[in-house]
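As structure tokens, the structure follows; a few thoughts come after it.
Just so it is clear, none of the values below were taken in a lab; they were calculated from the coordinates. The structure presented is a predicted model; accordingly, all values stated were derived computationally and were not measured. Positions of Cβ are backbone-derived with ideal geometry, glycine not excepted, and every protein chain shown enters the neighbour counts.
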């Protein structure tokens, strides 16, 4: 299949990644030969996973979360490269059944004899990520702990499931966070601060105006010589805005710093 | 930074891996953007012979590319710090299980933290980014 498939994109200078059979793939082999030195493929190592059969069926996947489940999915600005450094992939809301329909429609309409990079897909390409939680987790047992970490166990907290369209490209990078940045902490703080400030200002202005108007009206009605309503409104607005901004900034910074999933893989 | 195992549950993926020391041939972005650990090169297009890519990034020809196609049921071990690009040959589902470096492995040269990272690229017809 690979030889006649121009998606294989093989060059003479390539080095084929070393392969071991599922039986050969032991923790001893991993630590002595490969760990931190070079990649390898363990062929059919996880073929006993329920996922390898059950997840072939879009209807099974549909039932895993329910067709009305609302989720978010990555799209690519060029409908091809997910997370180019200068135009990071963005996530859009979508219903679970729509997402599966789009991903598996792309799979059947772009035949294997065409070059994925030059073929216009009938639909946009999508990339969906989930932490390895139920119901996904129970279909991928056992995780390859024996091979990689027989004593410590692989962290399910870091593990992820990725569902993607045919033709999706993950551009060249290293480190897991380089391509799908969930924003740097600084960016998060800045965005949160801006949002909060805007919200607070609007709220404060509205509250202040209402309060001031009410006060002024009351005062004016009782004491006709009191200061004009406009000055009172301005003063109240400024006070309120300053208070709100300070509060918001502090809250935002705390929230941003405490947000999970900021660690570098 | 972590090691990673990619287990292919359904469908196929072609992976392109480069050792960490190959950064000199891979034109990383500069340290002043949010993703300095990404390459400017469109690897699939470069490999297909795209003239613009090959003109701009000639040193990719010197980079040793480790590649394979992952099929359903296969598991790939990818050492920490290795460059990788991935191309989905089908609609597919993968499970990624990262795991930590040991203390020895954390003591590596980290050229991407230097201020000149991505600057001295020798790029022909440089890209503004």
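By the count of other C-beta atoms within 10 Å, a proxy for reagent exposure, A:132, A:65 are ordered fewest to most as A:65, A:132. Normalising the average separation of contacting C-alpha pairs (under 8 angstrom, six or more residues apart) by the number of residues puts the relative contact order of region A:7-66 at 33 percent. Per-residue Cβ neighbour counts within 10 Å put B:60, A:10, B:41 in the sequence A:10, B:60, B:41, beginning with the fewest. Taking B:96, B:17, B:70 as the candidate residues, the one with maximal mean-square fluctuation in a Gaussian network model of chain B, Cα springs under 10 Å, is B:96. Distance between the C-alpha centres of region A:20-52 and region B:22-62: 30 Å, rounded to the whole angstrom. The mean sequence distance of close C-alpha pairs (under 8 Å, at least 6 residues apart), as a share of the length of region B:2-113, puts its relative contact order at 54 percent. Fewest-first ordering of A:97, B:84 by other beta carbons within 10 Å of each residue's beta carbon gives A:97, B:84.
Mean silhouette area of chain B, derived from the convex hull of its C-alpha atoms and averaged over all directions, reads 8.6 nm². With N counted as the residues of region A:30-69, its alpha-carbon radius of gyration over 2.2 N^0.38 Å works out to 1.85. Of all the options B:88, B:19, B:63, the one that moves most in a Gaussian network model of chain B with Cα springs shorter than 10 angstrom is B:88.
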